[in-house]
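Taking it in order: structure first as structure tokens, then the write-up.
The values are calculated or read from the model by the stated rules, or taken from the named source; none is laboratory data. Note that the coordinates shown come from a computational prediction; the quantities given were computed from them, not determined experimentally. All Cβ positions, even for glycine, are placed from backbone atoms using ideal geometry, and neighbour counts span all protein chains on display.
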Amino acid sequence: MFVEVLRLFGARGIPFAVSGAFALHEHTGIWRDTKDLDLFLTNEDVPRAMAVLAEAGFATEICDPVWLCKAHRGEYYVDLITGMSNAAITVEREWIERACEAEVLGLEVKVLAAEELIASKVFVTRRERFDGADIVHVIHGKRGELDWGRVLEVVGEHWMMVLWTLVLYQFVYPGQAEFVPRGVWEDLLGRLRTELDHPRAEAMFRGSLIDDKMFAIDVEEWGMANLNRRLREEREAA
């Protein structure tokens with residue numbers, strides 16, 4: 001099924017980049033069995049991709065208009081992903097253009113670049129799934145060959161999520177600190193110091209971007225803003 005979908009998209013000229021287990025393997029050498037194939041696309045390309053899949057006989061569904069559609073065959077499925085579930089990060093055309101050429105299931109396809117792979121995982125922080133270990137393994141696997149400027153460009157205002165993954169990396173691999181340039185630390189720690197020195201009372205509560213269930217009490221009982229909902233609504237309206 002996976003090979004058929006990859007060939008189908010290639011033949012029909014649908015731009016995509018492979019992510020998930022296959023991208024993790026490309027950048028770290030780690031392999032894990034998977035029943036799904038994650039494909040990153042821009043939101044604009046999803047309608048055509050879904051139509052092509054339906055024409056080919058796949059069962060298709062829109063699971064979440066903000067970020068996820070699926071194509072099924074038996075117990076296997078392909079995820080068409082256009083961003084993060086909290087709508088804080090969206091797949092842009094440049095993600096596909098920057099993807100690297102690699103072999104997946106015997107086919108030459110584009111695989112998500114390490115920088116976008118890291119950015120796609122910084123908000124996977126839920127109680128039932130945590131991708132911090134994946135990010136740490138990508139940093140270690142690339143051995144310093146990462147464009148941190150690009151990572152921070154994609155993550156944007158949520159740069160603090162990158163900082164905490166770097167702290168996690170340093171804890172896990174203290175003997176390989178050189179894989180993260182000192183300038184990146186100085187930049188991010190400088191930003192953090194500025195925030196600590198100049199706290200903003202009007203800054204919004206951001207816990208719902210981490211996990212809207214674990215931080216539900218803050219919104220539902222303590223009256224804090226639901227940033228997750230706001231970003232999702234903006235994304236759906238776009």
- [ ] Take the range 178-232 and flag every residue that is surrounded by 12 or more Cβ atoms within 10 Å (Cβ to Cβ), aliphatic (A, V, I, L, M), part of a helix (DSSP H, G or I) and out of contact with any His (no Cβ under 8 Å at 6 or more places or on another chain).
- [x] Val184, Leu188, Leu189, Leu192, Ile210, Ala216, Val219, Leu227, Leu231
Task: Scan of the range 213-238 for residues that are at pLDDT 95 or above and within 18 Å of the chain's Cα centre (by Cα), ordered by number - done: Asn228, Leu231, Arg232
TODO: Tell me which residues, restricted to the range 1-46, are without any contact (Cβ under 8 Å) to a residue 60 or more places away in the chain and hydrophobic (A, V, I, L, M, F, W, C).
DONE: Leu8, Phe9, Ala11, Ile14, Ala21, Trp31, Leu37, Leu39, Leu41, Val46
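One line per residue, one yes/no per condition, for (1) assigned to a loop (DSSP other than H, G, I, E, B); (2) out of contact with any Asp or Glu (no Cβ under 8 Å at 6 or more places or on another chain); (3) more than 27 Å from Lys142 (Cβ to Cβ):
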residue	(1), (2), (3)
Cys69	no, no, yes
Ser85	yes, no, no
Trp95	no, no, no
Glu101	no, no, no
Task: Among the residues listed as Ala177, Ala201, the single one being out of contact with any Cys (no Cβ under 7 Å at 6 or more places or on another chain), without any contact (Cβ under 8 Å) to a residue 12 or more places away in the chain, within 22 Å of Gly149 (Cα to Cα) and aliphatic (A, V, I, L, M) - done: Ala177
TODO: Among the numbered conditions (1) within 23 Å of Phe16 (Cα to Cα); (2) without any contact (Cβ under 8 Å) to a residue 24 or more places away in the chain; (3) acidic (Asp, Glu), tell me where Asp134 comes up short.
DONE: (2)
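Residues are listed down the side, and each one gets a yes or a no for (1) within 25 Å of Thr90 (Cβ to Cβ); (2) modelled with pLDDT of 95 or more; (3) not aromatic (Phe, Trp, Tyr); (4) not in a loop (DSSP other than H, G, I, E, B):
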residue: Val5; (1), (2), (3), (4): yes, yes, yes, yes
residue: Gly10; (1), (2), (3), (4): yes, yes, yes, yes
residue: Ile14; (1), (2), (3), (4): yes, yes, yes, no
residue: Phe22; (1), (2), (3), (4): yes, yes, no, yes
residue: Thr34; (1), (2), (3), (4): yes, no, yes, no
residue: Leu39; (1), (2), (3), (4): yes, yes, yes, yes
